[in-house]
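None of the figures in this text is laboratory data; all of them are computed from the coordinates on show. Note that the coordinates shown come from a computational prediction; the quantities given were computed from them, not determined experimentally. Cβ atoms come from the backbone with ideal geometry, glycine included; neighbour counts cover every protein chain shown.
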Amino acid sequence: MSYEVKTEAFEGPLDLLLHLINRLEIDIYDIKMAEITAQYMEHVHAMSVLELNEASEYLVMAATLLSIKSKMLLPIHQDDEMEDDFDINVNDPRDELVLKLIEYKKYKEAAVSLQEMEETRNLFYTRPPTDLSELQNSKQLALFEHDVNVYDMLGAFQKMLRRKQLNAPLHTRVSKQEISIKDQMKSVISTLKQNKGRLSFYELFPTRDKTTIVTTFLSILELMKRQIVQVEQNNNFDDLFVLLRKEDLESEFEDEIDE
Amino acid sequence: MNSKMKLMSNIESLLFVSGEDGLTKKQLAFLTNETEEQISVTLEAMMEAYEKSEDRGIEIKQLAGTFQLVTKQGNANSIQKLVENPTTQSLSQASLEVLAIIAYKQPITRVEIEEIRGVKSERPIHTLSLKGLVKEVGRADGTGRAILYGTTTEFLQYFGLQDIRALPPLPEDISVDEMEDSDLFLTKFQETFEG
Amino acid sequence: MNSKMKLMSNIESLLFVSGEDGLTKKQLAFLTNETEEQISVTLEAMMEAYEKSEDRGIEIKQLAGTFQLVTKQGNANSIQKLVENPTTQSLSQASLEVLAIIAYKQPITRVEIEEIRGVKSERPIHTLSLKGLVKEVGRADGTGRAILYGTTTEFLQYFGLQDIRALPPLPEDISVDEMEDSDLFLTKFQETFEG
């Protein structure tokens, strides 16, 4: 006979036993050993295929059940009973198993409440903290702020995956919209107006969407060519700033671009 | 009056940039130069205002020991449209069991976890540490100096708990009539998975 | 009337979670099942309301066609104070993300890092170089010859790793496994209890 056991449905032998106890409507404190052992063996036989190492756990339990069953058939020795006068149940061979089952059942139930909490928690969302490092000075940055370990790093990575998952469908489903250079020129101008006519080049590219970036870039070039905006930089490698040169140009601008 | 409005505005800004890290009353008091009492009163007023205003989409929650801004539950539907596949994120049964044991018995070693579950638990423990839900909190005395596991702040955050004491009490004594409850438990399970 | 309030609430939630990426009118219309016109009108009303309410600490900013929530300028002082007194992890999240990417994908260019994260990453890379955890390890082929980043010996020391292969596997790979596990488990569970 082969010990191929299919166990995915249960989280181990204790889980299987709890399932049987429940199904057979047996009192957990008074387990009918013959019945449960028979059922357990039947299940283990009926299960097929799984890693040997998990199968072994099921087989160890099978052996335990058989041993309890046989102990219960033995008559209790008179002397033993006298010695253990104070503890009435000490001779019940099922005790250890019952305690184990009860202990396991507690956590199995706790796992169910965790799962419910997980579901509730999934109904509201937080946001990642804003990256404020540009407000920090370099001296501060060079300090190690925390006692971070590899798992903090992985945790950060995990958070990022979660965040990316949030935006993924939009990139595939929605953001394929075509933005015209004309529209983007208007958008750049209105953005500049909202910011008193001056904004860093970087801030004109709030999105990572390639089409939008390219369109925005082309529209800025076009605006420069038409001398509607001007770009300035104070020192090498400093941020570029885009300046709006003409204030009110909406009307002439409209037909100009339509050509 | 104006100053109270200004304080609310300041708190909202601070909570907004702190995101899921949130801030404690003490931190808020320090950052706004106010007393903790003043912060308490103001936070309470804000929480009420958020909840009452139907046009607001965010509210304040106490999570993992800090105050955080979160979206209102009623808007979950439209936010979930932003999420690729909302169901794949939930934890497996094995992970939940191990996590329950760690949460209630911490600090605890792998061997002790396996004793309770009756099966090897290396893999779920590994998964849970990679997800940042549990971590090594020390070493057991004695030979081998086995790793002791405990839950993380991320754990509190993940399950929406203010602190570890906010966990529901562990079912202590399972008496005979409680076995009937386990029927309920199975039914619940079925509902959850079939639903 | 109620529906308009609800739409505002929904938009606030959506802008809140979308963070720095923001959302376009088109995206908001898709997510809320409204017309773009309806979204335009509502956004305008919201922008005005945010601006007028002295107790609000956030407002809507429109940049190149996308809308995002940002903190009000007037509260810059207390945010600056937060930056100078980092009591939470908030400052390291971005750096840790970038560090994880560099550690696992090295050698890698800044543009590639940004593609993975979906946000600009110049600052965190700068921070990490200052801390000596990452360094330039070469130049990419092709025009531009972009800088390639890798981790340093300091990085290994800092995280107590013997060498770079001692890094635990990426959670990405894990979650795929786990999904399969839980699917199998669910299927089995249903079979068992329905059967």
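This ranking places A:95, B:55, A:15 by how few other beta-carbon atoms lie within 10 Å of each, fewest first, which gives A:95, B:55, A:15. Protection proxy ranking for A:198-205, B:47-54, C:138-145, using the average of other Cβ atoms within 10 Å per residue and placing the highest first: A:198-205, B:47-54, C:138-145. Of B:70, C:41, the sequence from fewest to most neighbouring Cβ atoms within 10 angstrom is C:41, B:70. Label sites at residue B:146 and residue A:26, each approximated as a point 7 angstrom past Cα along Cα to Cβ, lie 2.8 nm apart. Shortest first, residue C:157 label-point distances to identical copies amount to 2.9 nm, with the label point at 7 Å from Cα along Cα→Cβ.
Taking 32 Å as the limit for the C-alpha separation, the pairs A:159/B:26; B:25/C:61; A:159/B:120; B:52/B:105; A:71/B:120; A:106/C:6 exceed it in the case of B:52/B:105; A:106/C:6. With 0.36 nm allotted per residue and the present C-alpha distance subtracted, the residue B:115-residue B:48 stretch has 19.4 nm of extension available. A compact globular protein would have a Cα radius of gyration near 2.2 N^0.38 Å; the ratio found for the stretch C:1-53 is 1.06.
Placing a label point 7 Å from Cα along the Cα-to-Cβ direction at residue B:41 gives distances to the equivalent points in the other copies of 4.2 nm, listed shortest first. Given 20 °C and 1.002 mPa s, how large is the Stokes-Einstein diffusion coefficient of the stretch C:1-157 in µm²/s, with Rh as the Kirkwood radius over Cα pairs? My calculation gives 116 µm²/s for D. With label points defined 7 Å past Cα in the direction of Cβ, position residue B:172 shows copy-to-copy spacings of 4.9 nm, given to one decimal and shortest first. Quick check: from the Cα gyration tensor, does the stretch B:91-142 come out rounded (a/c under 1.5), prolate or oblate? Note, shape of the stretch B:91-142 comes out oblate.
At what distance in nm do the modelled label points of residue A:232 and residue A:35 sit from each other, each positioned 7 Å from its Cα along Cα→Cβ? Going by the 7 Å Cα→Cβ label model, 9.1 nm. With the simple model of a label 7 Å out from the Cα in the direction of the Cβ, residue C:84 to residue C:137 spans 3.9 nm. With K and R counted +1 and D and E -1, the other residues having a Cβ less than 9 Å from that of residue A:11 yield a net charge of 0. Is any residue of the stretch B:47-85 close enough, with backbone N under 15 Å, to a label point placed 7 angstrom from the Cα of residue C:33 along the Cα-Cβ axis, and if so, which? Answer for the stretch B:47-85: B:75-82.
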